[in-house]
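Chemist: Questions regarding the structure given below will be posed in turn.
The values are calculated or read from the model by the stated rules, or taken from the named source; none is laboratory data. Being a predicted model, the structure only gives us computed values, none of them experimental. So basically every Cβ, Gly included, is an ideal-geometry build from the backbone, and we count neighbours across all protein chains shown. Accessible surface areas use protein heavy atoms only, side chains included; no ligands, DNA or RNA. Shrake-Rupley method; radii C 1.70, N 1.55, O 1.52, S 1.80 Å.
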Amino acid sequence: MTDITLILILAFGIALILTLLVTPQIVRVAHELKLYDLPDDNRKVHKLPIPRLGGAMFMPIMMSTLTIIVVVMMRLGVYKRVGGGMELEHFMAYIAGGMLLFAVGLFDDIKRVPYKMKFAIQLFASVLLCIAGLWVADLSYVFFLNEIPWWCGMPLTILTVVYVTNAMNLIDGIDGLSSGLSIISLICITYLLIITGQYFWAMLSIILLGIMCGFFYYNVFGKKDKTFMGDAGSLTLGFTLCFLLLHFWQRDPVWNPVMHNIGLVAVSTLIIPLFDVTRVTLSRLRDHRPPFMPDKNHIHHKLMRAGLSPHMTMITIFLLSIGFIIVNYFVAATLSQTLMVVMDIMLFTLMHIIINIFIYRKERETGIKWNRIF
């Protein structure tokens, strides 16, 4: 276990250092090419053009760090213990799909790509995972469903990959929000992967964690090196997170009361972006608006309407995310999956009702006409 711990620490350190060193160079290139994320009134809250190529280093650093660590493990003779349980076909499908999403995202950051093409690439990447044998195979009695056949699990997996990938993109509305939520999620996912003995995937998770920590620094605290992750980063991030989460929904013949609900605990690390994109989409459909039209109805927009600053909004959402994780982790051994899902929906709904009350009070004081926002 000591060797595994040292390997994980080394992986995190290399990814973090490479990100801190490479990001300023990426920002310099973005300035030279004038590749900026411009402010607008529909969804974005920043007032100045910001370089949007920060995510251009996510996939290269992830693959470089992973290669370095695998070579080190082989030289030290610990690869079989760390990577022995890794399904090669899953990993190859992840690399193929991740590189395609990274490429289309990078091209979109430079020249702009039609949304239909990005959506098609997301579908293709998710299909690759299914072909490699990675799909949702066991729901552990969520809504009374347990093992599910491939013809049901594969479409569900494709929907999940597209859902998670786009949710991480849409939640990225203020500095540090998407990367910060990812950091919280990756810390928990890494821990869950370790306690379930999936050390190779834990290594991939902790490498991405190191990249996110380095990016978070420049995204939130950077001045001349401030940058956004862009589509190259958000698509890579969302796809990798979903890839890791899928490993908690495989068929497990050994039932353990402590680990029984671990899949839902893992998903709960992303409850805020996943539930928020669902709420916003339903809200747009209810108001007869296109579901993909940008607006200011996301949770960070609502918290700022309630009077919070962008930084306080970011911190508040982080605390809410941590709260969901803690609640789900400690009730996982006592509640069924179905009751956990119902509980999370009720808590999320209650949270938005409270936010709406604060918005109503704030806008009544300032004389702004109240608009339905849930």
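Chemist: Would you mind listing the helices (runs of 4 or more DSSP H) fully within region 158-271 where at least 3 residues are within 21 Å of residue 89 (Cβ to Cβ) and at pLDDT 95 or above?
Modeler: 199-216, 230-246
Chemist: Quick one: how many residues across region 91-137 are of a type outside the set (A, V, I, L, M), under 23 Å from residue 199 (Cβ atoms) and touching a Gly at 6+ places or on another chain (Cβ under 8 Å)?
Modeler: 1
Chemist: Inside region 279-316, can you point out the residues that are open to solvent by less than 40 Å² (accessible area, probe 1.4 Å) and aliphatic (A, V, I, L, M)?
Modeler: Within region 279-316, 280, 299, 303, 306, 314 meet the criteria.
Chemist: Hey, another quick one. I'm told residue 334 meets every condition in (1) closer than 13 Å to residue 265 by Cβ; (2) assigned to a helix (DSSP H, G or I) except one. Can you identify the failing condition by its number?
Modeler: (2)
Chemist: Can we say residue 154 is under 21 Å from residue 274 (Cβ atoms), surrounded by fewer than 21 Cβ atoms within 10 Å (Cβ to Cβ), touching a Phe, Trp or Tyr at 6+ places or on another chain (Cβ under 8 Å) and of a type in the set (A, V, I, L, M)?
Modeler: Yes: the conditions hold for residue 154.
Chemist: Exactly one condition in (1) at pLDDT below 85; (2) part of a helix (DSSP H, G or I) is false for residue 123; which is it?
Modeler: Evaluating residue 123 over (1) at pLDDT below 85; (2) part of a helix (DSSP H, G or I) leaves (1) as the failure.
Chemist: Still on this structure: Name the single residue that is farthest from the chain's Cα centre (by Cα) among those in region 126-157 being assigned to a helix (DSSP H, G or I) and in contact (Cβ under 8 Å) with a residue 24 or more places away in the chain.
Modeler: Residue satisfying both the conditions and the ranking: 131.
Chemist: OK, next. Determine whether region 70-77 contains at least one residue that is part of a loop (DSSP other than H, G, I, E, B) and either without any contact (Cβ under 8 Å) to a residue 60 or more places away in the chain or not small (Gly, Ala, Ser) (or both).
Modeler: The answer is yes, given that some residue of region 70-77 is part of a loop (DSSP other than H, G, I, E, B) and either without any contact (Cβ under 8 Å) to a residue 60 or more places away in the chain or not small (Gly, Ala, Ser) (or both).
Chemist: Name the single residue, out of those in region 1-38 being of a type in the set (D, E, K, R) and touching a residue at least 40 places away in the same chain (Cβ under 8 Å), that is nearest to residue 70 (Cα to Cα).
Modeler: Here the residue is 3.
Chemist: Next question. Out of everything in region 317-335 that is open to solvent by less than 50 Å² (accessible area, probe 1.4 Å) and over 21 Å from the mean Cα position of the chain (by Cα), what residue ends up being modelled with the highest pLDDT?
Modeler: It comes out as 331.
Chemist: If the requirement is being touching a strand residue (DSSP E or B) at 6+ places or on another chain (Cβ under 9 Å) and surrounded by fewer than 20 Cβ atoms within 10 Å (Cβ to Cβ), which of these qualifies: 145, 159?
Modeler: 145
Chemist: What residue, of 53, 66, 100, 106, is surrounded by 15 or more Cβ atoms within 10 Å (Cβ to Cβ), under 28 Å from residue 216 (Cβ atoms) and without any contact (Cβ under 8 Å) to a residue 60 or more places away in the chain?
Modeler: 100
Chemist: Only one residue in 233, 180, 222, 214 is crowded, with 21+ Cβ neighbours inside 10 Å and over 28 Å from residue 280 (Cα atoms), so which one is that?
Modeler: Going through 233, 180, 222, 214 in turn, just one is crowded, with 21+ Cβ neighbours inside 10 Å and over 28 Å from residue 280 (Cα atoms): 214.
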